[in-house]
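Asker: So that we are looking at the same thing, I have put the structure below in structure tokens.
The values are calculated or read from the model by the stated rules, or taken from the named source; none is laboratory data. Here the structure is a predicted model, which is why all the values come from computation and not from measurement. As a convention, Cβ positions derive from the backbone with ideal geometry for all residues, glycine included, and neighbour counts pool all protein chains shown. Surface areas here come from the heavy atoms of the whole protein model, side chains and all, with no ligands, DNA or RNA. Shrake-Rupley method; radii C 1.70, N 1.55, O 1.52, S 1.80 Å.
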Amino acid sequence: HRGAFVFVAGKPKSGTLEKNVDVAVIAEDFARIGEIAAFWRTAADRVHVFESGLDPDGDDVAVYGAGFYGAFIRACLARPERICCILDQNPFLLGNDVNGVPVIEPADLPPGVGTLLVGLNPAHARNIIEDIPSLAKRELDYFFL
């Protein structure tokens, strides 16, 4: 899973545990975990700053992503009621709603939406959005985590 660390542990077969510790690998992992922690420490603030720059009486906004990242963005918004829809390409989510907000295909984005808050894995979000033809045809302000 490219968005997570996976640890596998097992009980040793004997009473002694072999120590095959590669300090360099541990240091690399520790540094990466620190980067992830720093990202999340400031993520909510980045959402707040972006939202504060939106016209309070302006266009509706949409969120791309009905999963974890989209839920995080929605939870950070001071005015989540501005979200008119959630875009997703997962056929199992389309037609459902999240907290009363409909999940629709990107091609069905209403014309009054001027801002798209992208709730996708930040390592891949820009490439995913660039590959959606219906969004490329629209003039939207984007927020990426």
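Asker: For the range 99-107, just list the computed ³J(HN,Hα) in residue order, Karplus coefficients 6.51, -1.76 and 1.60, θ = phi - 60°, integers in Hz, with x standing in for Gly and Pro.
Answerer: 6, x, 9, x, 9, 10, 6, x, 5
Asker: Over 25 Å, how big is the tail of the calculated P(r) for the chain, in percent of all Cα pairs?
Answerer: 40 percent
Asker: Which residue, Val25, Val63, Ala44, has the largest displacement toward the positive end of the dipole of the range 22-77 when charges sit on each Cβ (Lys, Arg +1; Asp, Glu -1)?
Answerer: Ranked along the dipole, the leading option is Val25.
Asker: Given contacts defined as C-alpha pairs under 8 Å and at least six residues apart, what's the relative contact order of the range 43-108, whole-number percent?
Answerer: Contact order relative to length: 29 percent.
Asker: Hey, another quick one. From Cα pairs below 8 angstrom and at least 6 apart in sequence, can you work out the relative contact order of the range 8-145, rounded to a whole percent?
Answerer: Taking the mean separation of contacting Cα pairs over the length of the range 8-145, I get 22 percent.
Asker: Could you work out what % of the accessible surface of the range 52-141 is carbon and sulfur, using a 1.4 angstrom probe and leaving DNA, RNA and ligands out of the count?
Answerer: 50 percent
Asker: Most mobile of Val61, Val49, Val103 per a Gaussian network model of the chain (Cα springs, under 10 Å)?
Answerer: Val49
Asker: For labels at Ala78 and Phe144 in the simple 7 Å Cα→Cβ model, what's the distance in nm?
Answerer: Distance between the two pseudo-spin positions: 2.6 nm.
Asker: With a 10 Å cut-off between alpha carbons and a GNM built on the chain, which of Glu105, Glu51, Glu81 moves the most?
Answerer: Glu81
Asker: Excluding ligands and nucleic acids, what accessible area in Å² is computed for Val8 using a 1.4 Å probe, to the nearest 10?
Answerer: Estimated to the nearest 10 Å², Val8 gives 140 Å².
Asker: Give me a comma-separated list of calculated 3J(HN,Hα) values for the range 122-133, in order, Karplus coefficients 6.51, -1.76, 1.60 applied at θ = phi - 60°, integers in Hz, x for any Gly or Pro.
Answerer: Karplus-based 3J(HN,Hα) across the range 122-133 equals x, 5, 10, 4, 4, 5, 5, 5, 5, 8, 9, x Hz.
Asker: Ignoring everything except DSSP H segments at least 4 long, calculate the 222 nm mean residue ellipticity for the chain; use -39,500 (n - 2.57) per segment, divide by total residues, nearest 500.
Answerer: When only DSSP H runs of four or more count, the value is -10500 deg cm²/dmol.
Asker: Now for a separate question. Short version: ³J(HN,Hα) in whole Hz for each residue of the range 114-120, in order, from phi by Karplus 6.51 cos²θ - 1.76 cosθ + 1.60 (θ = phi - 60°), x for Gly and Pro, what are they?
Answerer: x, 9, 10, 8, 8, x, 10
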